[in-house]
1. Please tell me the relative contact order of segment 127-471 in percent, rounded to the nearest whole number, where contacts are Cα pairs under 8 Å and at least six residues apart.
2. Rounded, prolate or oblate: which fits segment 485-820 when a ≥ b ≥ c are the square roots of the eigenvalues of the alpha-carbon gyration tensor, with rounded for a/c under 1.5 and prolate only if a/b beats b/c?
3. Counting helices only, and only those DSSP H runs with n ≥ 4, report the 222 nm mean residue ellipticity of the chain as the sum of -39,500 (n - 2.57) divided by its residues, in deg cm²/dmol to the nearest 500.
4. Given R₀ = 35 Å, what would the calculated FRET efficiency be for TYR215 paired with GLU254, taking r from the Cβ atoms and rounding to 0.05?
5. Just how large is the dipole of segment 127-471 about the Cα centre, in debye to the nearest 20, putting +1 at every Lys and Arg Cβ and -1 at every Asp and Glu Cβ?
6. Note down the nm distance, to one decimal, between modelled labels 7 Å out along Cα→Cβ at ALA792 and at GLU168.
7. Give me ARG249, ARG756 sorted ascending by neighbouring Cβ count inside 10 Å, so fewest comes first.
8. To the nearest 20 Debye, how big is the dipole of the chain about its Cα centre, given +1 on the beta carbon of each Lys and Arg and -1 on that of each Asp and Glu?
Amino acid sequence: MTSLIPPGCPTVLTEDDRTGTSIETLRRAFMDNLFFIQGRFPEVATKNDYYLALAYTVRDRLLLRWLNSAKTYRDQESRTVCYLSAEFLLGPHLGNNLINLGLYEAVEEAMRQTGLNLKELLDQEEEPGLGNGGLGRLAACYMDSLATLEIPAIGYGIRYEYGIFDQEIRDGWQVEITDKWLRYGNPWEIPRPELILQVKFGGHTYSYTDDQGRYRVVWEPHQVIQGVAYDTPILGYKVNTANLLRLWRAEAVESFDFQAFNTGDYYGAVNQKIASENITKVLYPNDEQLQGKELRLMQQYFFCSCALQDMIRLYKQSGNKDLSRFHEKFTVQLNDTHPAISVAELMRLLVDEHLMPWEQAWDITRQTFAYTNHTLLPEALEKWPLDLFGSLLPRHLQIIYEINQRFLDQVRLQYPGDNDRLRRLSIIDESGCRYVRMAHLAAVGSHAINGVAALHSELLKQTVLKDFYELTPQKFSNKTNGVTPRRWMVLSNPGLTRLITERIGEDWVKHLDQLRRLEPLAEDRDFAAQWRSVKHENKERLAAYIRDRVGVTVDPHSLFSILVKRIHEYKRQHLCVLNIITLYQMLKDNPQLDMVPQTFIFGGKAAPGYYMAKLIIKLINSVADVINHDPAVRDRLKVVFLPDYNVTLGQRVYPAADLSQQISTAGYEASGTGNMKFALNGALTIGTLDGANVEIREEVGAENFFLFGNTVEQLQELWRNGYRPWEFANSNPMLKRVLDLIGSGYFSHGDTALFRPIVEHLWQNDRYCLLADYQSYVDCHQQVLQVYQDQAQWTKMSILNVARMGKFSSDRAIREYCQDIWHVEPVKIVLPATSYMTP
Ligand code: GL2
C-alpha cells in the first residue's frame, strides 16, 4: 500500500510516536493546538480553550486512522454498508474517542503534567443531540460496532443546527430551551464545502421521446437546494478502522436572489436563503409520533437524495462506468421509514438521470435496500397526504404509482380476486383521504425486513406487516438490538470495568460473551464485597450530582430505583408513580413500618406538543415535592426528577442503579435499549414481558429478574372481553385510594382539576392498562424490597445479570446484520510505517 506521506517527510518513528501517542508527544501537540488553533497562551486560556485544544489533539490521531481507512476502502473497492438515519444520537465524542484509541490513561497523565484535570475538560463538551431517543442512540451504537468489527461503513444523516431541545423544569413543568450545540464550534467535524450536491423540490414533470426512441421524464423543480457535507470520523475500539459519518446541511444555491436585490427588495432576497437553510435547522422533537409537517418530508428527502447521489459519486470514482453493480458496492439499511423515500429516489436517479431500464433499476434497488421497523405504534407509522407529497415530490409520486401498480399486479396473480388484500397492501392508502404509506414503500423496495427484538419481530408479522409477511415470508427476520459496551461500560463505569478486567482480562470489551466467566465469582464473598463497593461509589457520585443539580439530598445506602427514557403513556412512568404513592400511603398508615429506604429517580423529555406526557412530568415533580418534605416519611422515600436527560446524563445514571424500571405495556416497546444498559451495569430489572425484556430475562434467568404484569396474549384477551378499568379500581381499595388522592388535589395544593386528565383517563379508558397491571407491579416491588434486604443475595443476582448480558452487545447485532442481510466482510486497516505525526 502506498503511504499517505508527503514527499520529503519520511521520518521512521517508534510505535508510540509514529501514531503520536506517547505522553510527551500528546502534551506537546496539546500545547501547539492551544497556541496555533485556539490562539491562546495558558495564562488566559479558558476551560473551553483547553477542551478544544485537547479535542483537536485527539482528532489528529483519528484522522490518521480515518484517512488510511478511506484510502484502503478506495483501493480495495470494499463493499460498504450505508446506514441511513434521520437521527444519530452520538453523545460526547472526547471520552469515547480516548477509550477507543486506547489513550485515556496517557491523556489523563499528559493533562496532569500540564496542571489540568481530564474529567473537567470532558465536562466541557456539549453533546450533539441529533436524535430523540432509542432509535437515534441505536444508530450511534451501530456505528461504533461497525468500526470495531472493521466493517466499511458510512452513516448518512442530517446535520441539525438545533438538536433535541434542552429541558428545564420550572414549577414542576417541562420548559424547552433551544439546543445551541454548535455555539462554540464543533471540533469533531470536518466541513466539506467543496462536496456539494443539489436537491430539487416542487415544480412539475414532462415527458418526451428522445432521439434514440427512449421515453424520458424531466422534472422541472420549483426550487433547488444545496446539500453540504460535514464529516465526522467514527473510530472503532482498539483497531485502526475509522468510518465516516456524513451529515448534510442545507443551504441556498445562491445566497441572494440578485434580481430581487437589484430591485431593492433586500429582505426578499435574503428570504430564499433563509427558507433553504430552514430544512436542516431543527430536529423534530417527536418520538414515535408522526407530525405530518411538510418540512419534515423535505428533511427526509433532502438527506436521502444527498446520500444516494454521494454513493453514486463514490461508485463512479472507483472507475465503474455504468451502475449495474451498484448493489454489489453498497448495501443500504433504512433506519425506520424516515429514509424510505430513498426507494423512489434511487429509482429516479437510475431511470431518469442514468437512463437505466425500469426492470433493471428495480432489481438493483431491491437488492440495495433493507428496512428495519422500530415501532408498532399506529401514531408513529409514517404516511404523507398525497397532495402534499405530490406538490413537493411530483416525480417521486409518479414513480411510486408505477412501483405500486407493478407490485399489485403481482399480488393479483398470487391472490386472484382478493381485492381487500390489494387495498391493504397498496402503497397508497385510499381508505379516506389518500396517503402514501412509507412502511409499505420500504417493505416493497427492500430485500430484507426486520424487527428489533424477538417479540417485536413476531408481532410485526401478525400486525402492521402481516400481509407483507404472507406474501414474502423469506424477507423477514429478527435482529435484537444491542448496545456498545465501550460507551456504556468502559467509559461510563470505570470502576466496574476495572474490577471485571482484573478478574477475567480485557477481552470482554470486544467479546461481551466473555462476561460469562464472571459466573463462578457470584459465590465469591470477596469479589461480591468489591462489587458492592463499586456500586456504592457510583451511587455516591450520582447522589452528589442530584444534590448539586436538583437540591435534593438522597441517601446512597437507599435502593436506587431508576426510570429514564422518553416520557410516553405506553412507557407508563405514571404506573411507577402509582406504586410510589402506594408506598407513601403504607408509611402514612404505619409510621413504624420497617421499609427499605428507597430513592426513585426519573428522567426524560416529553414531546413539546404531547400534553399528557408533560402532565406526567408535572405529576412526578408534584408527588416528589410532597413526599420529600413530609416528615412522616423520615427520608425512607425520596423522589427525584433529573432535568434534561441525555446521553451524558445516562452515563452517570446507569452505573448507579440498583433497580431498572422497564414497565411498558406488553406489546408496545419494540425493544428498549436502556434495559440493556442498566442490566449490563449490574442493576436488576423489574419489568413486563415486553420488547427485549423477554430476552434479557431468558438470558439472565427468571430467578434473577422481577417479572410482573399481563402478557400480550392476556391483554388481547382483556380487550376482547371489554376492558373495564374502573372495575379494577373499585375492587382494589389501595388503588382506589391512590387514584382518589391524586384527584383530590393532595399533590397539587388543593387543585382538583390539574391531574384530572390523567386520573379520568385511567378510570375510563386506560389504553395502556395501568390499572390491570397495578397490583401485580406493587406485589412484585414488595418482592424486590425483600430481596434487597439480603445484600448477599442481591449482589449475587447482580453479578449473574452482568455475567449473562453478552448477547446484548451491539457487536453481536451487527454481526447478525452482516451475515444475514448485508453480506459484507471486515477489511483490515494497516497504518503505514511512517507518518505525518512528528514527535
Ligand atoms: C424505538 C423503540 O421505541 C424502542 O423500543 C427501540 O429500542 C428503538 C431502537 O430500535 O426504537 N422506536 C422509535 O421510533 N423510537 C425508539 O426508541 N424512537
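Laboratory data are not the source of any read-out in this text; all were calculated from the coordinates shown. Computed from a predicted model, the values in this text were never measured in an experiment. When we count neighbours, we look across all protein chains shown, and the Cβ atoms used for this are built from the backbone with ideal geometry, even at glycine.
1. Across segment 127-471, relative contact order equals 15 percent.
2. Values: a/c = 1.79, a/b = 1.42, b/c = 1.26.
It comes out prolate by the Cα gyration axes.
3. Working: 33 runs with 376 residues, N = 839.
Roughly -13500 deg cm²/dmol at 222 nm, from the helical runs in the chain.
4. Between TYR215 and GLU254 the formula returns 0.55.
5. 540
6. Simple spin-label model gives 5.2 nm for this pair.
7. Listing ARG249, ARG756 from fewest to most nearby Cβ atoms yields ARG756, ARG249.
8. Working: 89 positive and 102 negative charges, 69 e Å.
For this selection, approximately 340 debye.
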